[in-house]
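Read through the structure below, which is laid out as structure tokens, and then see the notes.
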Amino acid sequence: MSTATGYQHVIRNSLRQWLVAAALYTGLFWFFMWYHAVRGRPYSLFVANKCAGIAAVFLIGLALALGPAARRWKRWRIGLPHRRSLGLFGAYASIPHALVSLFGSGILAFPKEGQFNWAWHVAHWPCGLFGAATLVTLATIVSQSYPGGLNRLGHERWLRLQKLNWLLPGLILGHLVFKGTFANWIKWLQTLDKPFPPGAMTTAVFVVAVLILKLTELGLAPTRKDLA
């Protein structure tokens, strides 16, 4: 019998679960498009790329939060079968965001008209470093999130690999903070000049909340029952 036997939603998902992830991602994307419009940032390819990245982070964050939330509050257990589909969809959705951010300077006028994209990335290299580290960590986890990965590694080694997800909140938070917009967060807190806080600030608060939730269960390793 293969190691993967009995792991219903850890290594495979139903079409319905994938559709739920896609619908949630689409809803988050358009919500944050509206969010930025209310903040005086009308539609542009730059804003669309930013919202695509935010939506991906929220999906990844939800996937990370569902486990500890379900172990703390029983009503959250209904979401456990969606962890994998949410996490994988968010991980895959982060790839076009990264590519457009790196190579879309001419299309997006990133970060503003007339400024070359690579010059911004050189000046804000910690942001790119954290972003790249996030992608590498996601790729490592995702590559083993299929039946072959669990069968090849075995239960114990596979669980140890999954602990890399602890790095993700910190890496994503570093990417957001080192974008160079932290001053805008402080300005908003001081002036409340917009109806909503900056999108990156809202995302950072969400990521911190996910990290705190995970920290509350330090030492509580997931069991086979949790994973099934």
What nm distance separates the two modelled labels at F103 and R16, each placed 7 Å from Cα along Cα→Cβ?
3.9 nm
Report the full-extension gain for the segment S143 to W166: residue separation times 0.36 nm, less the Cα-Cα distance, to one decimal in nm.
6.6 nm
Shape verdict for the range 15-227, please, from the Cα gyration tensor: rounded (a/c under 1.5), prolate (a/b greater than b/c) or oblate.
prolate
If the chain between H155 and A209 were fully extended at 0.36 nm per residue, the gain over the current Cα-Cα distance would be 16.6 nm
Please find the FRET efficiency linking K194 to A23, where r is the Cβ-Cβ separation and R0 is fixed at 25 Å, and quote it to the nearest 0.05.
0.30
FRET efficiency for W76 and V136 from the Cβ-Cβ distance with R0 = 30 Å, rounded to 0.05, comes out at 0.55
Going by how many other beta carbons lie within 10 Å of each one, how would you line up C127, C51, fewest first?
C127, C51
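No lab work stands behind these numbers, since they all come straight from the coordinates. Everything numeric in this text was worked out from a predicted model, so none of it was measured. Methodologically, a virtual Cβ is constructed for each residue, glycine included, from the backbone with ideal geometry; neighbour enumeration extends over all protein chains shown.
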